[in-house]
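First the structure, in the form of structure tokens, and then the observations on it.
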Amino acid sequence: MKLERKAKRIIAIGGGKGGVGKSIVSTALACHWARQQRRVVLIDLDLGAANLHSYLGIRRQTPTLADFLRRKTDSLEPLLIPTGLPHLRLCSGAESFPGMANPPHWLKQKLLRHIRALDADVVMLDLGAGVAFNTLDFFDAADDGVIVTEPEPAAVMNAYGFIKSALLRTLQSVFRHHETLGEALEADLALPEDRRAFSLDWLRQQARAQAPDAVALIDEVQQAFRPALLVNRHSAQASPVLIDNLRMLCRQKLGVELDWLGHLPDMPDLRRSLLNVPGFLDSPSGSPLRKAVAAAAQPLETHFPPEAPPRDYSDDDVQALLNMVDWLDDHALGGRPRDAWKLRVYFRPEEVDAHLRRHGSGLAA
Ligand SMILES: Nc1ncnc2c1ncn2[C@@H]1O[C@H](COP(=O)(O)OP(=O)(O)O)[C@@H](O)[C@H]1O
Ligand SMILES: [Mg+2]
């Protein structure tokens with residue numbers, strides 16, 4: 001089946017270590033963009049230990065990715081469940097059953113094709129812990145990869161390991177059929193971790209010596225592989241040294257520059273709201289986290305495809321819209337009479353048009 005790509009931006013949230021806040025970050029970013037009226041789909045890809053549904057307060061039985069993986073449905077659309085937050089839908093994670101945490105390659109590729117075909121402005125992939133191939137493949141397939149870590153040694157080490165593995169995995173798939181470089185990568189990967197020579201510079205040297213044509217492609221991968229770094233549970237006591245070292249290590253050892261998204265504060269109150277994270281973010285005690293998430297989201301938003309340019313509304317267009325507003329009853333204008341009143345009083349053609357479109361009418365494009 002041929003599927004057309006409709007997802008405008010796919011963002012993966014990974015980071016190696018469990019418990020560092022990947023799912024909280026995925027949820028908070030998804031809520032942030034949904035509040036900006038972007039159509040967001042959040043996909044729980046922590047196939048072994050899915051928990052996004054509980055962070056979103058969903059307790060009822062719902063369809064899950066397992067239905068897709070077991071081929072009960074041939075599309076992701078029927079699995080998308082509303083979340084109580086307008087514009088945000090969830091594809092809940094698979095309940096665990098043997099083999100599901102590690103779907104075969106063809107099934108993973110099929111899932112990726114269906115993810116790309118989702119009609120959404122932002123699709124977020126919440127990944128599981130570890131550096132299993134399926135986790136790395138989802139990370140590498142996204143348009144943007146975000147690494148979440150805490151400012152403590154084990155998490156930072158895991159973040160580095162994750163970045164290195166994701167880069168290696170990308171290069172492995174790029175050069176899979178390349179005789180010399182494919183073999184060189186395989187051979188290096190077969191060595192024990194501490195004896196591996198791998199870095200982008202090392203690979204470039206191999207290419208210069210044995211396959212000069214490939215140098216340009218390595219440069220291209222280096223340009224494109226730019227994970228973003230987000231430090232969660234930051235506190236005033238946390239030393240910046242570990243994070244500085246991580247960025248330096250990536251630059252010097254791997255040749256990878258990390259985009260900086262900033263810090264999210266440690267929020268002791270969050271623990272009491274884990275069954276309603278959106279509610280927490282909206283509450284006064286959640287406001288520092290909400291603001292930090294908005295700031296962290298900004299660099300990612302610069303990569304979003306531009307909105308359609310604003311259209312010009314002729315006098316006739318404006319008159320047609322006014323007629324529509326008068327003609328439609330309050331119900332069609334959003335269900336609340338107040339909305340219709342607002343639309344008439346603060347009439348701005350582009351807002352009214354967008355509103356009517358969302359309710360199935362509006363001017364012809
Ligand atoms: N910014 C934060 N402040 C306080 N606690 C947090 C924060 N982020 C995450 N946590 C806690 O850490 C736990 C694990 O977070 P989660 O996002 O599920 O981790 P991961 O998805 O990386 O395994 C959460 O249930 C929450 O209790
Ligand atoms: Mg998680």
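Numbers at a glance
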| quantity | calculated |
| --- | --- |
| Among residues of region 157-182, those that are outside any helix (DSSP H, G or I) and either surrounded by fewer than 16 Cβ atoms within 10 Å (Cβ to Cβ) or not aromatic (Phe, Trp, Tyr) (or both), counted | 3 |
| Filter result for the condition that a residue is surrounded by fewer than 16 Cβ atoms within 10 Å (Cβ to Cβ) and in contact with a helix residue (DSSP H, G or I) (Cβ under 7 Å, 6 or more places away or on another chain), over LEU85, LEU42, LEU3 | LEU3 |
| Scan of region 23-36 for residues that are within 12 Å of ILE11 (Cβ to Cβ) and either modelled with pLDDT under 95 or within 12 Å of ligand 1 (Cβ to nearest atom) (or both), ordered by number | VAL25, SER26, LEU29 |
| Count of residues meeting criterion [without any contact (Cβ under 8 Å) to a residue 12 or more places away in the chain and among the small types (Gly, Ala, Ser)] in region 268-283 | 1 |
| Boolean, ALA154 is touching a residue at least 40 places away in the same chain (Cβ under 8 Å), surrounded by fewer than 21 Cβ atoms within 10 Å (Cβ to Cβ) and more than 15 Å from LEU42 (Cβ to Cβ) | yes |
| Every residue from region 137-177 that is aliphatic (A, V, I, L, M), within 14 Å of ligand 2 (Cβ to nearest atom) and over 19 Å from the mean Cα position of the chain (by Cα) | ALA155 |
| Residue that is farthest from ligand 2 (Cβ to nearest atom), among those in region 115-136 that are part of a helix (DSSP H, G or I) and crowded, with 20+ Cβ neighbours inside 10 Å | ILE115 |
| Contacts under 6 angstrom Cβ, first residue in region 120-141 being among the polar types (S, T, N, Q), partner within 15 Å of ligand 2 (Cβ to nearest atom) and assigned to a loop (DSSP other than H, G, I, E, B), 6 or more apart | THR135/GLY128 |
| Pairs with Cβ under 7 Å, 6+ apart, first in region 244-256 and over 18 Å from ALA224 (Cα atoms), second part of a helix (DSSP H, G or I) | LEU246/VAL156; LEU246/ALA159; LEU246/TYR160; LEU249/TYR160 |
| Enumerated helices (runs of 4 or more DSSP H) restricted to region 232-332, each holding at least 2 residues that are farther than 24 Å from THR27 by Cβ and at pLDDT 95 or above | 241-249 |
| Residue in region 183-200 that is under 32 Å from the mean Cα position of the chain (by Cα), under 12 Å from LEU254 (Cα atoms), of a type in the set (S, T, N, Q) and in a loop (DSSP other than H, G, I, E, B) present | yes |
| Any hit, region 176-185, residues being in the same structural domain as LEU127 (by TED's automatic domain parsing), closer than 26 Å to HIS234 by Cα, in contact with a helix residue (DSSP H, G or I) (Cβ under 7 Å, 6 or more places away or on another chain) and modelled with pLDDT of 90 or more | no |
| Inter-residue pairs, beta-carbon under 9 Å, first touching a residue at least 60 places away in the same chain (Cβ under 8 Å) and in region 14-26, second among the basic types (Lys, Arg) and within 7 Å of ligand 1 (Cβ to nearest atom), 6+ apart | GLY14/LYS22; GLY15/LYS22; VAL20/ARG233; GLY21/ARG233 |
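The values are calculated or read from the model by the stated rules, or taken from the named source; none is laboratory data. All of these numbers come straight from a predicted model, not from anything done at the bench. Virtual Cβ from ideal backbone geometry, glycine too; neighbours counted across all protein chains shown.
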